[in-house]
Structures are given as C-alpha cells and as structure tokens.
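> Pasting a structure here, questions to come.
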Amino acid sequence: MNLPTESPDLAEPTPEIEFERYELREEPAYHFALDRRDFLKGLGGGLLVLYLLDRESPDAEAQESGRRRRGGFNRAPVPQDVGAWLHIGEDGKISVFTGKAEVGQNIRTSLTQAVAEELRVPMSAVTMVMADTRLTPFDMGTFGSRTTPDMSRRLHRAAAAARETLIDIAAETWKADRKDLAAKDGAVVQTTTGDRLAYGKLTGGRKLTRTVTDDTPVTPAERWTISGHDAAKVDGRSFVTGAHPYSCDIRRPGMWYGKVLRPPTYHASLVSVDSSAAQAMPDVKVVRDGDFVGVVAPSEQLAARALAAIRAEWKPGPAISDRDLFRDLKNPGGQRPPARGGRGGFGGPNGNAGSIADGLAAADVHSEGTYTIAYIAHAPLEPRAAVAEWANGELTVWTGTQRPFGVRGELMDAFKVPEARVRVIVPDTGSGYGGKHTGEAAVEAARLAREASRPVKLVWTREEEFTWAYFRPAGVIEIRAGVKKDGSITAWEFHNHNSGGSGVQCPYRAANQAVAFHPSQSPLRQGSYRALASTANHFARESHIDDLARAIGMDPLEFRLKNLKDERMRDVLTAAARAFGWGRKPESDHGIGIAVGTEKGGFVATCAEVAVDRSSGRVHVVRAVSAFDCGAVVNPDHLKNQVEGALVMGLGGALYEAIAFDNGKIQNPKFSKYRVPRFRDVPEIEVVLIDRKDVAPAGAGETPIVAIAPAVGNAIRNATGVRLRSMPMVPRGLKV
Amino acid sequence: MPDTQELRINGKTVRVEADRDRTLLGVLRDDLGLTGSKYGCGEGRCGACTVMIDGAPARSCITKLGAVASREVTTIEGLERDGKLHPLQQAFLDAGAMQCAYCTSGMIVAGAALLRQNPSPSRQDIVEYMDGNICRCGTYHRIIAAIQSAARAVKEASR
C-alpha cells in the first residue's frame with residue numbers, strides 16, 4: 001500500500017499495474033528489437049544526456065526499444081534502459097524527449113519546469129518532444145499518476161547532469177576553478193571575471209554523450225526557482241486561438257474519411273453484409289475483413305451516407321441489462337483470477353488481521369451496508385480519433401492516446417509489421433482520464449487507409465465513444481463493521497466485487513479486519529478510470545465511517561482523527577476542516593459532510609455543503625473545500641486546477657452519471673441523455689495545498705477525485721437523515 | 001450534388017463547393033481548414049463547435065450550410081485582431097481556464113458572444129448563458145472568472 005511517505009532519496013519505485021486496468025490485459029505483449037541510433041545520429045553535435053533506468057546495462061543507447069518482461073498480472077511490463085533523453089545542440093537549442101503524453105494534465109508545462117530549473121534557463125528555451133514512438137524513448141504509458149514521480153525526477157537528473165557536464169567543460173576550457181563557475185541563463189559564467197560561454201558553444205562541434213542514473217544530485221525543492229512556482233501552460237496561446245492541432249485536426253495530402261460499422265448491440269456477431277448500395281456510390285470504398293466492415297470516402301458526409309447504406313445481419317448476444325447488474329457482479333460464473341487484496345495485496349499495513357466475529361462481539365454497535373457503483377463513461381470531449389497513413393510499407397498514425405507505445409504494439413499485431421515500420425504520434429490530446437489507453441481508432445483508421453491506399457481520418461462519433469470505449473467498472477461493495485462507544489473500531493470487513501482493489505485498504509485503526517477484492521465478470525467492456533476503484537472504495541468506506549461515528553454520537557471529524565494513523569491524512573483532514581469552518585451548523589435543508597483518503601502517494605480531504613430542494617428533489621453542492629498533499633508542489637496554480645477539476649468531475653459520478661443498458665444496448669450514449677457536470681452544478685470551490693518540500697512530489701491528477709463523493713453523501717445524510725449507498729446518488733433527484 | 005456557395009467567414013468572403021445540407025462544422029473543418037471549432041457531440045449539446053452567426057452563438061454541428069448563406073460567421077480563428085488576442089482569449093490564458101483545452105474554442109466564442117450582448121454579466125448570467133458548453137476537465141469556475149475579468153478589461157479599456 002502506498003501509505004509510507006516517499007523519500008526523495010529513494011530509488012524510483014518499480015511500476016506495478018493495478019488489477020483493474022482490464023483494458024491493458026486486452027493487449028498482447030511484444031519483444032521486438034529496434035535500432036534507434038539513426039535518430040541519435042540525426043541530432044547533430046552537442047551534448048546528449050541519457051537517463052538510464054537500468055544501471056546494469058551499459059549499452060543503453062542501442063537498447064531503448066522498450067523491452068518488456070512478459071508475465072502475468074502482477075508482473076507488469078517494465079520498461080528498461082533509457083527513460084528519457086535530453087539534447088543541447090551547438091545552436092544552444094535544448095530538446096527533451098519523453099514518451100509521456102499531454103492530455104490536459106499540463107505535464108508539458110511541469111516537465112519543462114523541471115528541465116529549465118536544473119539547466120538554469122527560461123522555460124521558453126526548452127522544447128519538449130513527447131509521445132512520438134519514433135523520437136522518444138519507450139514509455140509504458142501516461143497513467144497511474146507516474147509522470148511527476150518518475151519522469152519529472154528523471155528529467156531533473158538528466159538536466160542537472162547536463163549542467164554539471166557543461167560546467168566541467170568550461171572549467172577545462174578556461175583552466176578555471178570549478179567553484180568559480182555557475183550556470184546561468186543558458187551559459188556557464190565565470191563569477192570572478194564575468195566571462196561567459198553559451199551552452200551550445202561549450203560543446204564545440206563535438207558529440208558528447210553522458211549517461212545518468214537515479215543517484216545524480218538535483219536541486220532540492222527548497223531552492224527551486226522555476227519548479228515549485230506558477231508557470232503558464234506551455235503553448236497556451238495555440239489553444240485559445242484554436243490553432244493547436246489535436247488528432248482530429250490533422251490533415252494529410254489526399255486524405256479521405258472513414259467510418260466503421262458497429263454492431264447494434266453488445267456482443268453481437270456479424271452474420272452477413274450487403275454493401276452493394278454503398279459500393280455503387282462514386283468514390284466510396286467498402287472494406288470487409290472478417291467482422292470488420294468500414295467505408296472510406298472523400299468526405300465525412302459521404303462516408304456516413306455509405307455506411308448507412310450498408311445492410312448487415314447480426315446475431316444478437318445475450319440480452320444484458322443493468323437491472324441484473326449488481327446481482328450478477330456478486331454471483332459471477334466461472335472466475336478466472338483468484339480474489340486478492342488491493343495494491344500490495346494482503347499482509348500490508350492494513351491486511352487481514354484478527355477475527356471479524358471476535359471484533360463484532362466486542363462492539364457496542366454494529367453496522368452493515370451494501371454499496372453499488374454504476375458503470376460510468378470517461379466521455380473525453382475529444383472522442384477517439386486517428387489519422388493513418390501508409391507510405392513505403394511504413395505506417396504513421398496520429399492519435400490521441402495515453403499509451404503511444406501500447407498503441408504501436410496494437411498496430412504491429414494487427415498488421416504484422418515490425419516495430420521499426422510503425423510510428424505513433426500523439427498530439428496534445430483532448431483529455432483521457434484513464435479512458436484512452438487503447439488504440440481502437442488507430443487500428444481502424446490504419447485498416448481503412450491500407451485498403452484505400454491513401455491517408456484516412458477516423459473520428460469516433462459521440463455515440464461510438466459512449467458505447468464502444470471501455471467504462472469505469474461497476475461494483476458492489478459490502479461492509480460490516482463494529483465500533484465501541486469510545487470510538488474504537490473493533491471490526492472492519494470490506495468486500496469489493498468487480499470494481500477494483502485500488503484504495504480498498506482501511507486507513508483507520510481496526511483491531512480485526514478482513515478486506516478483499518473479488519474480481520467478477522463484467523457484462524460491459526471495462527477498464528481504467530481516473531483513480532481507478534479508489535473512488536468507489538472511498539465512497540463506501542467514508543460513508544460507512546460516517547455512520548459509525550453517528551451511531552455512537554461522535555462528530556465525524558473527531559471520529560476520523562481518533563482512528564487515523566497516518567500523519568499526512570490527519571493533516572489534510574484538519575486543514576480541510578479548518579478552511580471549511582467545520583462544526584458550524586448549516587442552515588435548514590443544508591448539510592455538511594467530510595471525507596478523507598489517500599491514493600497514488602497523495603492525501604486528500606474534502607468538506608462539502610449541499611442544499612436539498614425538497615420540492616424539486618434537486619441536490620446542489622454549494623461549497624466544496626479540499627486540502628491536498630502530494631509532497632513538494634511543482635506548479636501551485638496547475639495543481640489547484642487539477643484538484644478543482646477532479647472535484648467537478650467527481651460530482652458527476654457522485655450524483656448523476658450512470659451508463660444505462662438494456663437488451664444489450666447502451667441506452668444513453670449522448671450528452672443529451674448522459675448527464676455530466678455543467679456550469680450550473682459547480683460549487684464554490686476552495687483548495688488548500690500542503691506543500692511539503694521535504695517529500696518528493698507524487699502525481700496529482702487522480703487522487704483529488706476520491707473524497708468528493710463520500711463528502712457529498714455525508715452532507716446529504718446530514719441534511720436529510722437519508723444515507724445514499726449508490727453511485728450515482730441522485731440520478732433522478734432526491735425525494736425526502 | 002455540391003453547390004457553389006459564398007460564405008462570409010471571419011470578415012472574408014469565401015467560396016465553397018459543398019452540399020447545402022452539410023453541417024457548417026464539417027465545412028469549416030474539412031473544406032476551409034478552420035479546425036479550431038471542434039466536434040464533441042453532433043447534437044448541439046456540448047458547445048465545442050460554437051461559432052457566432054451574426055454575432056449570436058450557434059452550434060455549428062447542427063447548423064446546415066444552407067442556413068448561413070449571406071450571414072456573418074465568426075469562428076475562434078476570427079477573434080484575434082492584428083496579432084492581438086481578443087480580451088477573452090487573453091483572460092483565459094491569465095486565469096489558466098483550461099486543461100486539455102478541447103472545449104476552449106467553443107467556450108471562448110460563446111463567452112465572447114455573451115460579452116457582446118451583456119458587457120457586465122453577473123455570475124448567474126454567465127452560468128445560465130454558458131450552461132450548454134461542457135468542460136469535462138471541470139474548469140468551469142475558472143472560465144467564469146475569465147469571462148468576468150475580460151468584462152472588466154473591456155470596460156477599463158473603453159474608459
């Protein structure tokens with residue numbers, strides 16, 4: 001479990017893929033060789049710094065192919081060798097290469113800050129090349145809040161090593177004492193004479209290569225002047241002018257438009273196709289390849305017409321319905337993987353302990369509850385989109401994904417082409433939230449482009465995105481707990497069916513505990529979502545903890561503080577409560593609630609105030625205050641933006657978002673039927689950041705979403721006396 | 001069959017050959033290369049495709065090309081003047097009112113239309129006017145702040 005604080009001196013932790021990232025299991029693993037030395041040659045003179053992930057591998061330059069260990073679930077693929085590289089050209093141009101993708105979390109900005117900080121240059125001097133499988137080193141993907149703890153630390157080290165190397169060269173050139181030299185504004189300066197040599201000049205036509213590892217010293221957070229401070233979004237102007245090309249905006253010479261035939265229901269299989277009417281249309285190409293049927297045409301409108309003209313017969317799959325969902329998730333058929341605990345499994349700091357029966361016997365009050373979690377959709381505003389182009393047997397695809405190398409793997413597998421002949425480029429993308437780990441549109445566009453012998457753009461419709469992307473897993477959570485009148489928890493039993501193991505562990509002291517995640521069989525396609533199952537598990541746990549507190553007449557804040565072990569959790573709880581003004585009595589039909597949690601190395605507490613309109617049933621969150629600690633803050637304004645955004649996004653799953661399905665068909669695949677948070681739903685928001693300069697920064701895009709749902713649920717309970725145990729809580733309002 | 005049509009886009013007259021029943025969004029993006037307006041839903045419910053038609057906000061994804069003949073269409077690309085950002089574009093940058101920014105074009109065009117109509121909108125005015133525009137990243141209250149600060153900037157500049 002991720003409770004212990006991270007020391008800045010610890011080695012980079014080995015990434016582990018959480019159980020509920022189902023979409024990642026859909027993809028086979030590969031082991032291909034690649035020589036990317038051509039690219040390194042293309043860099044020209046200057047200083048190249050390679051960050052080595054594997055200290056045992058001296059010849060990393062030839063091996064940055066992203067070799068992956070094959071293995072089962074828990075033996076996640078581990079990227080090896082070069083984790084990032086940085087180049088300072090003879091012209092002084094600083095280029096940084098990372099496989100991470102920008103999807104709105106503003107890592108292009110935060111990583112630029114890291115490099116500018118160590119190289120002592122303005123941010124504008126740094127060009128960040130990201131998420132291009134030909135230009136950047138292998139990266140497993142932009143998920144799990146790993147960019148800041150992994151990539152940012154690598155780039156700090158690579159840039160610091162570059163700076164020190166340049167100072168070494170200057171010392172040699174000038175025959176000067178190293179201690180009289182300093183890096184400043186893109187040059188090494190001799191403090192005694194004021195002489196300066198620009199970084200580009202220092203390398204003097206040579207090609208220098210340095211390798212660095214995790215033990216390279218970096219600037220401590222207390223002395224940061226660029227990192228740790230606000231910095232505007234890199235390329236911000238291109239976004240407010242509409243100039244930034246997202247995947248769906250890419251245009252290639254001779255490009256046509258594609259559409260793909262979708263089954264009418266989930267799990268339906270294709271029996272027969274009559275595409276004669278479509279084929280008769282001028283300039284239309286129909287592609288049939290097994291169950292894949294698609295069309296290509298010179299305009300999107302014509303492609304849509306051609307698709308509509310195709311007659312297909314389908315054999316329907318099982319008539320799955322959301323009515324049976326929670327029963328089925330608890331009583332699945334044959335199970336593949338065995339049940340296991342959350343991250344780290346049992347035996348961690350909060351594993352199974354003692355006896356639930358003994359704990360309940362020792363309690364003054366028992367409380368049981370069953371919580372249900374609906375499927376929800378990420379609904380990124382930019383739907384899946386790709387432009388694919390084949391030229392000389394090589395495939396290039398522009399697509400919005402959080403896993404460019406994973407998508408490359410999908411393309412290699414689908415088209416039986418070697419790694420060197422596939423390139424995936426990810427333009428800064430219209431969000432993902434964990435929903436863009438796969439390459440559906442890329443594979444489809446590439447199939448159509450190959451047939452059409454021209455570049456093809458494929459943009460999923462909103463209906464396709466809502467229906468055929470994967471969902472956040474639905475789940476059933478059962479809790480049994482016992483508490484003594486003095487506030488000590490004697491028993492804590494927690495079962496999560498299907499939704500996932502993240503955040504399943506109990507951070508409260510409880511003498512007797514049993515915590516388990518039970519995988520199930522999902523009727524719908526499911527996969528990662530911002531913070532994974534942590535949101536569901538926090539919702540159930542923090543709701544239940546609140547009820548325990550009320551059952552013994554103890555203030556919910558006091559009850560939590562009494563039982564919480566972790567100092568950082570206690571600190572965020574106290575900070576949120578203070579900023580919120582916890583304890584003040586809300587006006588009539590208003591209620592207040594509090595919740596706390598931890599995930600991905602970050603700690604969050606949220607207080608919420610709700611207003612319940614008894615006549616209309618409308619529940620409105622009027623105010624939300626979150627305190628967040630993710631270690632040393634890298635960019636306060638962007639961090640606040642993430643926390644605010646997570647609160648707002650979290651309101652959707654808390655209050656009204658749910659995928660409805662019946663007879664194998666998604667019933668609400670549109671924004672007119674699937675309710676997401678809008679302007680009218682936004683509460684007054686306050687964010688308190690706890691900046692811990694002594695702790696290496698953790699990622700921050702996910703954790704702040706976990707506490708809002710239970711805080712709102714507890715506030716509704718406070719306002720009305722009603723405990724809502726389903727997410728969403730009030731899809732059709734609240735009748736009290 | 002495609003018709004030749006004259007359109008007024010961002011103050012210029014342009015000729016396109018396109019079916020009159022195609023969407024304005026499709027023509028802007030695919031025929032005219034004005035890709036700042038985005039597809040988000042195709043049913044006029046997310047606002048990513050918002051343009052101004054004769055100064056009023058419109059959902060270009062459900063607007064047929066035939067409906068905009070001889071009318072003045074303004075897209076996000078038309079807000080910048082002589083290299084100077086529209087006050088609301090600047091305010092979005094200053095307020096950091098975006099994350100992935102896919103909704104930003106539509107938000108700015110809708111907000112600019114609001115400011116034309118109501119130079120001093122209250123928070124409630126903004127919420128009601130903008131409620132059809134979705135930001136999945138949840139930066140709504142920053143967008144509200146940006147619209148308010150642009151309103152102040154315009155007022156101060158005209159003083």
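> For each of A:TRP224, A:TRP492, count neighbouring Cβ atoms within 10 Å of the residue's Cβ, then give the residues from fewest to most.
In increasing order of surrounding Cβ atoms, one gets A:TRP224, A:TRP492.
> Among B:THR4, B:THR50, A:THR241, which comes first, then next, by fewest other beta-carbon atoms within 10 Å?
B:THR4, A:THR241, B:THR50
> Label the stretch A:556-656 by shape, choosing from rounded, prolate and oblate, from the square roots a ≥ b ≥ c of the eigenvalues of the Cα gyration tensor; if a/c is under 1.5 it is rounded, and otherwise prolate applies when a/b is larger than b/c, oblate when it is not.
Since a/c reaches 1.5 but b/c is at least a/b, the shape of the stretch A:556-656 is classed as oblate.
> A further question on this structure: Grab the DSSP H runs of chain A that are 4 residues or longer, score each as -39,500 (n - 2.57), total them, divide by all residues and round the 222 nm result to the nearest 500 deg cm²/dmol.
The helix-only estimate for chain A comes to -7500 deg cm²/dmol at 222 nm.
> While we're here: For a footprinting-style exposure proxy, rank A:ASP589, A:ASP139 by other Cβ within 10 Å, fewest first.
A:ASP589, A:ASP139
> Given the rule -39500 (n - 2.57) for each run of at least 4 DSSP H residues, summed and divided by the residues of chain B, what is its mean residue ellipticity at 222 nm, to the nearest 500 deg cm²/dmol?
Only helices count here, giving -10000 deg cm²/dmol.
> Give me D for the protein assembly as shown in µm² s⁻¹, whole number, from Stokes-Einstein with Rh from the Kirkwood sum over alpha-carbon pairs, 25 °C and 0.890 mPa s.
86
> Take every DSSP beta bridge whose two residues both sit in the stretch A:613-736, then give the antiparallel share in percent to the nearest 5.
So the antiparallel bridges in the stretch A:613-736 amount to around 20 percent.
> Of A:LYS585/A:LYS735; A:LYS175/A:LYS201; A:LYS259/A:LYS285; A:LYS100/A:LYS416, which ones are farther than 19 Å apart at the Cα?
Too far apart for the 19 Å limit: A:LYS585/A:LYS735; A:LYS100/A:LYS416.
> Now for a different question. Any idea how far the Cα center of the stretch A:137-167 sits from the one of the stretch A:175-234, in Å?
Their Cα centres are 16 Å away from one another.
> Near A:LYS693, which lysines are there with a Cα under 24 Å away, not counting those fewer than 8 places off in the same chain?
Within the straight-line limit of under 24 Å, A:LYS693 reaches these lysines: A:LYS184, A:LYS233, A:LYS565, A:LYS600, A:LYS640.
> Could you let me know the centre-to-centre spacing of the stretch A:399-436 and the stretch A:295-326, using Cα atoms, in angstrom?
Using only Cα atoms, the two centres lie 24 Å from each other.
> Right, another one. Go through A:369-377, B:8-16 and give me the packing order, highest mean Cβ count within 10 Å leading.
In descending order of packing, they fall as A:369-377, B:8-16.
> Still on this structure: Determine which lysines satisfy two conditions relative to A:LYS562: a Cα distance under 20 Å, and not lying fewer than 8 residues away in the same chain.
Hits, sequence-local ones excluded: A:LYS484, A:LYS485.
> Could I ask something else about it? How large is the convex hull of the Cα atoms of the stretch B:3-78 per residue, expressed in Å³ as a whole number?
Roughly 72 Å³ of hull volume per residue.
> Okay, next question. Over chain A, what is the mean sequence separation of C-alpha contacts under 8 Å (at least six apart), divided by residue count, expressed as relative contact order in percent?
Once normalised by length, the contact order is 15 percent.
Throughout, read-outs are computed from the coordinates displayed, never taken from laboratory work. Computed from a predicted structure; not experimentally measured. For neighbour counting, all protein chains shown are included, and Cβ atoms are generated from backbone atoms with ideal geometry for every residue, glycine included.
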